[in-house]
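Q: Dropping a structure here in structure tokens format, bear with me for questions.
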Amino acid sequence: MLFNIVKTDGNARACIIETARGKIETPVFMPVGTLGAVKAVSPDELKEVGAEIILCNTYHIYLRPGHNVVSSLGGIHKFMNWDRPILTDSGGFQVFSLSALRKIEENGVHFKSHIDGSMHFIGPKEAMDIQSLLGSDIAMVLDDCTPYPSSFEYAQESLERTIKWAAECKGLQKTGQALFGIVQGSLFDNLRRKCAEEIVEMGFDGYAAGGLSVGEPKEEMHKMVYFTAPLLPVDKPRYLMGIGDLKDVLVGVEAGFDMFDCVMPTRNARNGTLFTSRGRISIKREEFRSDRKPLDPDCRCYTCRNYSRGYLRHIFLSKEILSMRLNTIHNLHFYFNFFRDMRKSVIEGNFTEFKSKWEAIL
Ligand SMILES: [Zn+2]
């Protein structure tokens, strides 16, 4: 994997990541294909709206259909018919957030499936084996995602596991698969710094900040984003995990992060909340009943080129499957446009203006 910085504006960066499956221009948004599908859209539609890389959740695919099944069907790219880069998370975050029961040990975590109650174990070796069999382009180390709020003592103990597991994952990295390290440390400056130092010392292909946007106040989260970015090497991609609210993305880019993921545009689309150049719209509102205008007059997506707000409101209220598809196409198109314009603003040295303009709209 190659990484080049094209231009910087303050700490904001426009970069290019080159992988064997194609190039990624950053700042980049990664749609989430939780179970091996970005909900409601096909790979062709994802390409049309501009997706260069997607994220898949290891925890979900491991439980169902199982990484061995995916591997026997040709690996994750062939399985889901997506030939561009895929990043897989380690499964750790979902083990911590979804499983009914979990027991963390020094070597990994025992957990109960949220689907059928069966017991499983994931440690660094399992996380690396699963991601290797899936065949993702970028794998993530197994980390202990420290919950919020946590005491300093607990956060420190959790951090020690994250560091130990990262070293074990690094030792198991396979050729041809990039591996990113993860910085935890809750909201404690000195823990974040210590974790960053140790993780950077191990020499990963990229670095992520984890354990943010887990319930802490926004202000605290933003403070930690600005604090963590400069602790990470300049010459490697920096990934702000699980953050995709565009206001937070602006903060992340200003701090110097390059990669973002979130279910927000796809989940909101299915709930009828749509992003536009004039702010958010809830399509179910009465005022759109006979509205012949497109969702967003400034948008050139398939949905906005062909459908009125009145129609989109009608199919949303009628629970037509097409509603989820058209809404998702629009929201993703909006996100990718936003990221392209943001990248352009960094290249042209106008990121600050871009940020203030959008902060007023979002
Ligand atoms: Zn649109």
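Conditions tested, residue by residue: (1) of a type in the set (Lys, Arg); (2) without any contact (Cβ under 8 Å) to a residue 60 or more places away in the chain; (3) out of contact with any Phe, Trp or Tyr (no Cβ under 8 Å at 6 or more places or on another chain).
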position	(1), (2), (3)
Ser136	no, no, yes
Lys174	yes, yes, yes
Gly181	no, yes, no
Gln184	no, yes, yes
Asp189	no, yes, no
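Q: In the list His114, His120, which residue meets the criterion of being in contact with a Leu (Cβ under 8 Å, 6 or more places away or on another chain) and open to solvent by less than 50 Å² (accessible area, probe 1.4 Å)?
A: Values: His114 fails: open to solvent by less than 50 Å² (accessible area, probe 1.4 Å).
Of His114, His120, the one residue that is in contact with a Leu (Cβ under 8 Å, 6 or more places away or on another chain) and open to solvent by less than 50 Å² (accessible area, probe 1.4 Å) is His120.
Q: Collect the residues in the stretch 19-33 that are surrounded by fewer than 21 Cβ atoms within 10 Å (Cβ to Cβ) and either free of Cβ contacts under 8 Å to residues at least 60 places away in the same chain or farther than 28 Å from Glu45 by Cβ (or both), keeping them in residue-number order.
A: Scanning the stretch 19-33 gives a single hit, Lys23.
Condition check ((1) touching a Lys or Arg at 6+ places or on another chain (Cβ under 7 Å); (2) at pLDDT 95 or above; (3) away from the ligand (no atom under 15 Å from the Cβ)) across all residues:
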site	(1), (2), (3)
Phe288	yes, yes, no
Cys301	no, yes, no
Asn306	no, yes, no
His314	no, yes, yes
Met324	yes, yes, no
Ile329	no, yes, no
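Q: Read through the list (1) modelled with pLDDT under 95; (2) under 22 Å from Asn327 (Cβ atoms); (3) open to solvent by 30 Å² or more (accessible area, probe 1.4 Å), then give the number of the only condition that Phe93 fails.
A: Exception for Phe93: condition (2).
Q: Quick check: is even one residue across the stretch 41-49 modelled with pLDDT of 95 or more, assigned to a strand (DSSP E or B) and hydroxyl-bearing (Ser, Thr, Tyr)? Reasoning before the result, please.
A: Step one: list which residues in the stretch 41-49 are modelled with pLDDT of 95 or more, which gives 41-49.
Keeping just the survivors that are assigned to a strand (DSSP E or B) gives none.
No, because not a single residue in the stretch 41-49 is modelled with pLDDT of 95 or more, assigned to a strand (DSSP E or B) and hydroxyl-bearing (Ser, Thr, Tyr).
Q: Would it be correct to say that Asp341 is touching a helix residue (DSSP H, G or I) at 6+ places or on another chain (Cβ under 9 Å) and farther than 20 Å from Val28 by Cα? Talk me through it step by step, then tell me what you get.
A: Working: touching a helix residue (DSSP H, G or I) at 6+ places or on another chain (Cβ under 9 Å): yes; farther than 20 Å from Val28 by Cα: no.
So Asp341 fails the test.
Q: Of all residues being part of a helix (DSSP H, G or I) and more than 12 Å from Lys247 (Cα to Cα) in the stretch 343-359, which is nearest to the chain's Cα centre (by Cα)? Just the residue, please.
A: Across the stretch 343-359, the extreme among qualifying residues is Arg343.
Q: Name the one entry in Lys164, Lys170 that is open to solvent by 10 Å² or more (accessible area, probe 1.4 Å) and touching a Leu at 6+ places or on another chain (Cβ under 8 Å). Working first, answer last.
A: Values: Lys164 fails: touching a Leu at 6+ places or on another chain (Cβ under 8 Å).
Answer to the selection: Lys170.
Q: Of everything in the stretch 188-222, what is farther than 20 Å from Cys15 by Cβ and in contact with a Leu (Cβ under 8 Å, 6 or more places away or on another chain)? Give them in sequence order.
A: Within the stretch 188-222, Leu191, Arg192, Arg193, Lys194, Cys195, Glu197, Leu212, Glu216, Glu220, Met221 qualify.
Q: Exactly one condition in (1) buried (at least 18 other Cβ atoms within 10 Å of the Cβ); (2) over 18 Å from the mean Cα position of the chain (by Cα); (3) more than 17 Å from Arg280 (Cβ to Cβ); (4) within 16 Å of the ligand (Cβ to nearest atom) is not met by Phe339; state its number.
A: (2)
Q: Exactly one of these conditions fails for Ile16: (1) more than 26 Å from Phe351 (Cα to Cα); (2) surrounded by fewer than 20 Cβ atoms within 10 Å (Cβ to Cβ); (3) modelled with pLDDT of 95 or more. Give me its number.
A: The failed condition is (1).
Q: Taking helices (runs of 4 or more DSSP H) that fall entirely within the stretch 197-307, which contain at least 3 residues that are surrounded by fewer than 20 Cβ atoms within 10 Å (Cβ to Cβ) and on the phi < 0 side of the Ramachandran plot? Before you say what the answer is, go through the steps one by one.
A: Working: elements: 218-228, 246-255, 264-270, 302-306.
Fully inside the stretch 197-307 and qualifying: 218-228, 264-270, 302-306.
Q: Which residues, taken from the stretch 281-309, are closer than 14 Å to Asn331 by Cα and either among the polar types (S, T, N, Q) or touching a residue at least 40 places away in the same chain (Cβ under 8 Å) (or both)?
A: Once the filter is applied, which keeps residues that are closer than 14 Å to Asn331 by Cα and either among the polar types (S, T, N, Q) or touching a residue at least 40 places away in the same chain (Cβ under 8 Å) (or both), the stretch 281-309 yields Ser282, Ile283, Cys301, Tyr302, Thr303.
Q: Condition check: touching a residue at least 12 places away in the same chain (Cβ under 8 Å) and either open to solvent by 60 Å² or more (accessible area, probe 1.4 Å) or in a loop (DSSP other than H, G, I, E, B) (or both). Does Leu159 satisfy that?
A: Numbers: touching a residue at least 12 places away in the same chain (Cβ under 8 Å): yes; either open to solvent by 60 Å² or more (accessible area, probe 1.4 Å) or in a loop (DSSP other than H, G, I, E, B) (or both): no.
Answer is no for this residue.
Q: Another one. Among what's in the stretch 173-192 and is more than 23 Å from the chain's Cα centre (by Cα) and over 19 Å from Val214 (Cβ atoms), pick the residue that is most open to solvent (accessible area, probe 1.4 Å).
A: Applying the filter and picking the extreme gives Thr175.
Q: Just a yes or no: is a residue in the stretch 118-130 of a type in the set (D, E, K, R), assigned to a loop (DSSP other than H, G, I, E, B) and over 22 Å from Leu231 (Cβ atoms)?
A: Pass one, the stretch 118-130, residues of a type in the set (D, E, K, R): 125-126, 129.
With the extra rule that they be assigned to a loop (DSSP other than H, G, I, E, B), the set shrinks to none.
No: zero hits.
The values are calculated or read from the model by the stated rules, or taken from the named source; none is laboratory data. Because the structure is a prediction, the values reported are computed rather than measured. Quick reminder, even Gly has a Cβ in these numbers, built from the backbone with ideal geometry, and neighbours come from all protein chains shown. Accessible surface is based on the protein model in full, side chains and every heavy atom, while ligands, DNA and RNA are left aside. Shrake-Rupley method; radii C 1.70, N 1.55, O 1.52, S 1.80 Å.
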